[in-house]
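A quick write-up on the structure given underneath.
A short reminder: the numbers here are calculations on the coordinates, not readings from a lab. All values derive from a computational prediction rather than experimental measurement. Don't worry about glycine lacking a Cβ; one is built from the backbone with ideal geometry, like all the others, and counts go over all protein chains shown.
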Amino acid sequence: MRLSGTPRNIVVVRALGALWLATGATLLAVGARQASEPIRTIAWPSTTGTVIDAQLLRRARPHGALFGLLGDSAATAQVRYRYTLDGVLFHSTRLSFRKMGLGSEREARAALTGYASGSEVRVYYDPSRPSNAVLEHGVSWLTVAVMVAGAVLVGVGSRWMRTRAPRVTGAALPSRA
């Protein structure tokens, strides 16, 4: 009985398959974690609210953030709004539970679209904790893309391991009598 292929090839094949499997599993786990709260918001009831104000906030990035490729500052959209449930007034600034990207000013400005001061908005709230609310519910396309990429890598890694893994060749193992 022997394994087909050289020992070096066997190690490379197994390492590559394991790398794809591990990377895919990690992406799936990250996507699932990012999606857990946004998925719950899909079933939340909604009410009407009013935008108090909407602004672009800038903050300094730590030095070396992604090797300086992201720039010196990050931007986020902040929308303050109010809504009333059963005669109780609530205030919030949570736009969404979705991850909003890398903090570019362009993304933040786009997120502010449609939230002018005094405008009426749809507010989705947690029925068990009505102070927990969002203006945008559901899962972002980025989270879905991360999960799809993870699933593809797990599939590729699994297939790779099944079709490229070393095979046992030679005489059959003796049976015990």
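Tabulated values for the structure
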item: Summed side-chain charge close to Phe90 - residues other than Phe90 whose Cβ falls under 12 Å, Lys, Arg +1, Asp, Glu -1; result: +2
item: Calculated FRET efficiency for the pair Ala151/Arg109, C-beta based, R₀ 25 Å, to 0.05; result: 0.15
item: Label-to-label distance, nm, for residues given as Leu89 and Ala32 (7 Å Cα→Cβ offset); result: 4.4
item: J(HN,Hα) series, segment 127-136, from Karplus relation 6.51 cos²θ - 1.76 cosθ + 1.60, nearest Hz, glycine and proline x; result: x, 7, 9, x, 6, 8, 9, 9, 9, 10
